[in-house]
1. Quick test for you: out of 127, 36, pick the one residue that is of a type in the set (A, V, I, L, M) and either open to solvent by less than 10 Å² (accessible area, probe 1.4 Å) or closer than 23 Å to residue 156 by Cβ (or both).
2. Among the residues of segment 130-139, what is the count of those that are open to solvent by 50 Å² or more (accessible area, probe 1.4 Å) and either assigned to a strand (DSSP E or B) or touching a Leu at 6+ places or on another chain (Cβ under 7 Å) (or both)?
3. Looking at 121, 159, 152, which one is touching a Pro at 6+ places or on another chain (Cβ under 9 Å) and more than 22 Å from residue 79 (Cβ to Cβ)?
4. Can you tell which of 162, 113, 147, 171 is touching a His at 6+ places or on another chain (Cβ under 6 Å) and over 15 Å from residue 196 (Cβ atoms)?
5. Quick one: residue 190 ticks every box in (1) over 30 Å from residue 101 (Cα atoms); (2) in contact (Cβ under 8 Å) with a residue 60 or more places away in the chain; (3) of a type in the set (A, V, I, L, M, F, W, C) except a single one, so which number is it?
6. So which residues in segment 81-119 are touching a residue at least 24 places away in the same chain (Cβ under 8 Å) and either polar (S, T, N, Q) or not in a loop (DSSP other than H, G, I, E, B) (or both)?
7. Only residues that are open to solvent by 30 Å² or more (accessible area, probe 1.4 Å) and β-branched (Val, Ile, Thr): list them for segment 66-113, please.
8. Could you say whether any residue in segment 51-63 is assigned to a loop (DSSP other than H, G, I, E, B), of a type in the set (Lys, Arg), modelled with pLDDT of 85 or more and open to solvent by less than 60 Å² (accessible area, probe 1.4 Å)?
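The values are calculated or read from the model by the stated rules, or taken from the named source; none is laboratory data. Keep in mind that this is a model prediction, so the values were computed, not measured. Note that each Cβ is placed from the backbone with ideal geometry, even for glycine, and that neighbours are counted across all protein chains shown. Calculation scope for accessible area: heavy atoms of the full protein, side chains included, ligands and nucleic acids excluded. Shrake-Rupley method; radii C 1.70, N 1.55, O 1.52, S 1.80 Å.
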Amino acid sequence: MRKYFKTLLLVYFILIINQFLFAQTKDNFFERQYVVADVNFDNIKDVIQIYQDTINPKAVYRLEIRLAEIDSVGKYEVVSTEKAIKPDFPDAEKIDDRFWSGEMFDRVEVENGILLIRFNLMRGYYVHKYKFKDNSFELIYVKRVTGSPDYLEEIDYDLLSGERKTKIQEGSKKPVISKVIHKISPLPKLGEFIPFENKHY
């Protein structure tokens, strides 16, 4: 019995080591998330992976999307970018400069073929939604929620229609809702911008 238990422990240890080695990629990036879903509307399961370089002072993220020809296997077309997700410490030049602001990557999801990137703020969050079209992922929707105990601001920006709706709630007052039309053409593409380095997205 004891010998059988030792064998199980050895197998478990080997599996853990293999998983660790598989998660590590070259240039210090480690896998943070792995998602299998169809993101280009061809009814074939694709692979989305999030990596992070924890040795880099900024702790940057890398998003990789592998568009499969057969469910999760076969020949892949790879989309890779380090711009789609803000690093944990964007202002750090060395490890000692790191200061956590409360902002952090949350997760990636796929809903009905739409790629969602969720990011937590100190008091709120934002979501970027991308749709695959013409061999690229276009930003089609942005939701941003920020606030404090007596203040809440919600922004919903539909880039397809150009409608940008802002809802402000102060304490028990009636919410104030405003709408503007701001069309962007062509639509921003995944990997071509850093989130919220501009006022719109």
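1. Working: 36 fails: either open to solvent by less than 10 Å² (accessible area, probe 1.4 Å) or closer than 23 Å to residue 156 by Cβ (or both).
Result of the check over 127, 36: 127.
2. Filtering segment 130-139 down to residues open to solvent by 50 Å² or more (accessible area, probe 1.4 Å) leaves 131, 133-135.
Filter once more, keeping what is either assigned to a strand (DSSP E or B) or touching a Leu at 6+ places or on another chain (Cβ under 7 Å) (or both): 131, 133.
Residues in segment 130-139 being open to solvent by 50 Å² or more (accessible area, probe 1.4 Å) and either assigned to a strand (DSSP E or B) or touching a Leu at 6+ places or on another chain (Cβ under 7 Å) (or both): 2 in total.
3. Values: 121 fails: touching a Pro at 6+ places or on another chain (Cβ under 9 Å); 159 fails: more than 22 Å from residue 79 (Cβ to Cβ).
Matching residue, one of 121, 159, 152: 152.
4. Working: 113 fails: touching a His at 6+ places or on another chain (Cβ under 6 Å); 147 fails: touching a His at 6+ places or on another chain (Cβ under 6 Å); 171 fails: touching a His at 6+ places or on another chain (Cβ under 6 Å).
Exactly one residue qualifies, and that residue is 162.
5. (1)
6. 81, 95, 97, 105, 107, 108, 109, 110, 114, 115, 117, 119
7. Those that are open to solvent by 30 Å² or more (accessible area, probe 1.4 Å) and β-branched (Val, Ile, Thr): 70, 73, 78, 79, 95, 110.
8. So in segment 51-63, the residues assigned to a loop (DSSP other than H, G, I, E, B) come out as 54-60.
Still in the list and also of a type in the set (Lys, Arg): 58.
After this cut, where a residue has to be modelled with pLDDT of 85 or more as well, the list is 58.
Subset that is open to solvent by less than 60 Å² (accessible area, probe 1.4 Å): 58.
Scanning segment 51-63 turns up at least one residue that is assigned to a loop (DSSP other than H, G, I, E, B), of a type in the set (Lys, Arg), modelled with pLDDT of 85 or more and open to solvent by less than 60 Å² (accessible area, probe 1.4 Å).
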